[in-house]
Amino acid sequence: MSGPLRLYNTLTRSKEVFEPIDPRNVRMYVCGPTVYDYAHIGNARPVIIFDVLFRLLRHLYGEDHVVYVRNITDVDDKINARAAQDFPGLPLNDAIAKVTQATEKQFHDDVAALGCLQPSDEPRATEHIDKMKALIERLAARGLAYVAEDNVLFSPAAMDRLPGAPRYGSLARRSLDEMLAGARVDVAPYKRDPMDFILWKPSKPGEPGWPSPCGIVPLGRPGWHIECSAMSMAKLLEPFGGGLACDDPAKNIFDIHGGGIDLVFPHHENEIAQSCCAFSTPRMANYWMHNGFLQVEGEKMSKSLGNFVTINELLQKWPGEVIRFQMMMTHYRQPIDWTERQTENAAATLDNFRHHTKLADAASGDISPAVEGALADDLNTPLAFAELHKLSDSARNGDWKAACDLKRTCAFLGFDLTVNVQELLKNQRRDIDEKAIENLVAARNAARKAKDFKESDRIRDELAKIGVALKDSKDPRTGELRTTWEIAR
Ligand code: AMP
Ligand code: ZN
């Protein structure tokens with residue numbers, strides 16, 4: 001590789017060399033979907049971008065040495081509202097189960113079609129309520145949270161008096177006034193300070209509820225921010241010797257935390273506040289990464305403007321790989337304007353790549369070092385694509401190695417360029433690149449002449465895979481080997 005992996009860290013506002021806490025266990029957490037509706041194309045952006053990072057980390061540190069956790073938020077007021085609206089006849093909890101199960105399945109189908117690997121783990125919030133309560137109890141015991149009218153609230157002012165803890169607002173780098181405006185904090189009368197935020201709130205009768213922490217009698221449910229502190233603890237700290245029972249702060253930090261730029265404040269700021277105060281750590285994660293926002297045809301996506309595009313709708317018109325390609329054409333920190341014209345460009349480029357690599361072998365060997373170098377520079381996917389174009393140009397001019405490198409590197413990036421042999425045969429010679437076949441036949445015969453039978457057999461098998469059969473004969477006069485080829489039926 002051309003250099004070390006460097007990532008832009010929102011905490012320091014600079015590109016930094018990535019140094020994992022433990023290279024045998026590189027740990028990444030990305031905030032996942034709230035499952036109440038189809039995911040839109042903006043939601044697909046962090047899923048695809050962090051999938052690319054996951055693939056790169058696995059490549060650099062080994063498949064078994066990277067843990068990628070993306071949670072599922074299955075308790076939320078938006079879910080309750082949707083369930084009541086869609087299934088008015090059902091008890092609320094049954095309606096909620098219907099909404100969350102169907103939406104979760106839809107999300108999984110959508111992102112699989114976009115070529116994303118499964119994360120190592122996908123914890124659901126409702127399965128980690130005990131961990132959330134344990135964190136809340138710890139924060140209350142340390143004087144950072146208080147009970148008011150059956151709510152538990154976190155106090156940023158108390159955090160700022162805690163030695164060793166980071167200052168509240170240090171990720172977002174906003175002033176108190178800006179944070180107040182940005183959070184649009186509803187200043188409930190029971191709050192001691194307008195900045196205080198909810199860790200736990202009481203449930204109304206019929207709403208999902210669990211026995212509450214801190215001696216509160218009515219059933220209640222967690223706030224959104226504490227869900228991620230608890231699930232990252234359960235999946236990225238406890239299995240590696242950290243957690244509430246461990247008083248070594250070094251064991252209670254993980255490597256990378258990610259999500260969209262809109263999550264910086266208040267969500268990630270509040271996750272940091274909770275986790276750092278519970279564990280007495282200066283940081284929750286060492287590297288914080290945020291993708292830029294996506295708009296559609298020049299406008300902010302919204303239901304009222306009628307330009308709200310779900311992944312599912314797009315998949316009815318375009319293959320998932322085209323959407324994935326289009327997403328990666330822009331650097332992840334830049335805003336994207338999602339246009340149909342760019343989708344067409346992405347589709348045409350992938351067609352070209354596929355055409356020029358039809359006969360190539362992607363099975364073994366390394367990915368392109370230039371592409372790897374581009375990705376290692378803060379996931380520079382546009383530069384990586386420029387390198388793919390160079391390989392594609394060489395492949396078009398008959399460079400077999402470039403074709404193999406292109407196909408293999410595309411597979412690594414989540415694009416399978418394998419051609420369907422049946423399809424190819426259907427299109428017959430019209431679609432077969434005769435010049436490339438002639439070149440391969442010549443390469444095979446050269447290998448045979450050099451007695452490299454392993455290579456000559458490999459090329460013959462490669463041709464057979466796309467339905468090209470070779471026929472060898474000897475010239476009766478000169479005794480020279482002659483090879484003809486035909487499309488096997
Ligand atoms: P949400 O379901 O709104 O919490 O969003 C899930 C993920 O998608 C979060 O990481 C958001 O930051 C991200 N996200 C939401 N809308 C957009 C958008 N228009 N562009 C890019 N990312 C987005
Ligand atoms: Zn989160």
Worksheet, complete the sentence: Rounded to the nearest 10, the angle in degrees between the Cα long axis of helix 129-141 and the longest principal axis of the Cα atoms of the chain comes to 50
Practice prompt. Please work out how much length the chain gains when fully extended from A488 to A141, using 0.36 nm per residue of separation minus the C-alpha to C-alpha distance, in nm with one decimal.
Written response: 117.3 nm
Response to the item:
Once phi for every residue in region 44-52 is put through the Karplus expression 6.51 cos²θ - 1.76 cosθ + 1.60 (θ = phi - 60°), the whole-Hz ³J(HN,Hα) values, with Gly and Pro written as x, are 5, 5, x, 4, 6, 4, 6, 5, 5
Worksheet entry | Between 0 and 90°, nearest 10: helix 77-86 axis offset from the chain longest Cα axis | 70
Fill in: Per residue accessible area of the chain, 1.4 Å probe, in Å²
46
Item to complete: Scan around V35 for amide H atoms under 5 Å from its own, H built in the peptide plane at 1.01 Å from N, and keep only partners 5 or more places away or cross-chain.
Response: T73
Fill in: Residues of type lysines that K449 reaches as a straight line, Cα spacing below 25 Å, ignoring anything fewer than 8 places off in the same chain
K401, K435, K465, K471, K474
Practice prompt. Specify whether the C-alpha gyration tensor of region 146-300 places it in the rounded, prolate or oblate class, a ≥ b ≥ c being the square roots of the eigenvalues: rounded for a/c under 1.5, otherwise prolate if a/b is larger than b/c and oblate if not.
Written response: rounded
Worksheet item: Expressed as a whole number of Å, what is the distance separating the alpha-carbon centroids of region 49-94 and region 164-225?
Response: 22
Item to complete: Along Cα→Cβ, 7 Å out, is where each label goes; now give me the distance between the ones at L90 and E63 in nm to one decimal.
Response: 3.8
Worksheet entry | Inter-label distance, nm, simple model (7 Å from Cα along the C-beta direction), N397/L244 | 6.5
Worksheet item: At a Förster radius of 30 Å, what calculated FRET efficiency corresponds to the Cβ-Cβ distance of K465 and N352, to the nearest 0.05?
Response: 0.90
Worksheet item: What nm value, rounded to one decimal, do you get for the distance between E149 and E313 when each label is placed 7 Å out toward the C-beta?
Response: 3.9
Worksheet entry | Overall form of region 434-487 per C-alpha gyration tensor (a/c, 1.5; a/b vs b/c) | oblate
Worksheet entry | Residues whose placed amide H lies under 5 Å from that of Y29, excluding near-sequence neighbours | V69, I256, H257, G258
Worksheet item: Relative to the longest principal Cα axis of the chain, at what angle does helix 421-431 sit, 0 to 90 degrees, rounded to 10?
Response: 50
Worksheet item: By its C-alpha gyration tensor, with a ≥ b ≥ c as the square roots of the eigenvalues, how is the chain shaped: rounded for a/c under 1.5, else prolate for a/b larger than b/c, else oblate?
Response: prolate
Discussion item. Could you give the length gained by full extension between A112 and S175, i.e. 0.36 nm per residue of separation minus their alpha carbon distance, to one decimal place?
Written reply: 18.6 nm
Worksheet entry | Percent carbon-and-sulfur accessible area, region 318-425, ignoring ligands, DNA and RNA, probe 1.4 Å | 49
Discussion item. Can you give me the solvent accessible area of R283 with a 1.4 Å probe, rounded to the nearest 10 Å²?
Written reply: 90
Worksheet, complete the sentence: Under the helix-only model (-39500 (n - 2.57) for each DSSP H run of 4 or more, divided by the residues of the chain), the mean residue ellipticity at 222 nm, to 500 deg cm²/dmol, is -13500 deg cm²/dmol
Worksheet, complete the sentence: Taking only protein heavy atoms and a 1.4 Å probe, the highest-to-lowest accessible-area order of K300, K133 is K300, K133
Fill in: Modelled FRET efficiency - R0 45 Å, S304 with R6, Cβ distances, 0.05 increments
0.65
Discussion item. Taking amide H atoms as placed 1.01 Å from N in the peptide plane, list the residues 5 or more away in sequence, or in a different chain, whose amide H sits under 5 Å from that of F308.
Written reply: S302
Worksheet, complete the sentence: Quick tally, 1.4 Å probe accessible area for H65, H267, sorted with the most first, runs H65, H267
Response to the item:
Lys and Arg at +1, Asp and Glu at -1: neighbours of S203 with Cβ under 10 Å from its Cβ sum to +1
Discussion item. Give the residue list of GluC sites (Glu not before Pro) in region 118-199 that are DSSP loop and have at most 13 other beta-carbon atoms within 10 angstrom.
Written reply: E149
Discussion item. Set the bar at 30 Å for Cα to Cα. Now go through K133/K191; K235/K303; K105/K131 and name every pair that lies beyond it.
Written reply: K235/K303
Worksheet item: For region 6-294, what % of the accessible area comes from carbon and sulfur atoms, probe 1.4 Å?
Response: 51
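The values are calculated or read from the model by the stated rules, or taken from the named source; none is laboratory data. Remember, predicted model here, so these are calculated numbers, not experimental data. Methodologically, a virtual Cβ is constructed for each residue, glycine included, from the backbone with ideal geometry; neighbour enumeration extends over all protein chains shown. Note: areas computed on protein heavy atoms with side chains; ligands, DNA, RNA excluded. Shrake-Rupley method; radii C 1.70, N 1.55, O 1.52, S 1.80 Å.
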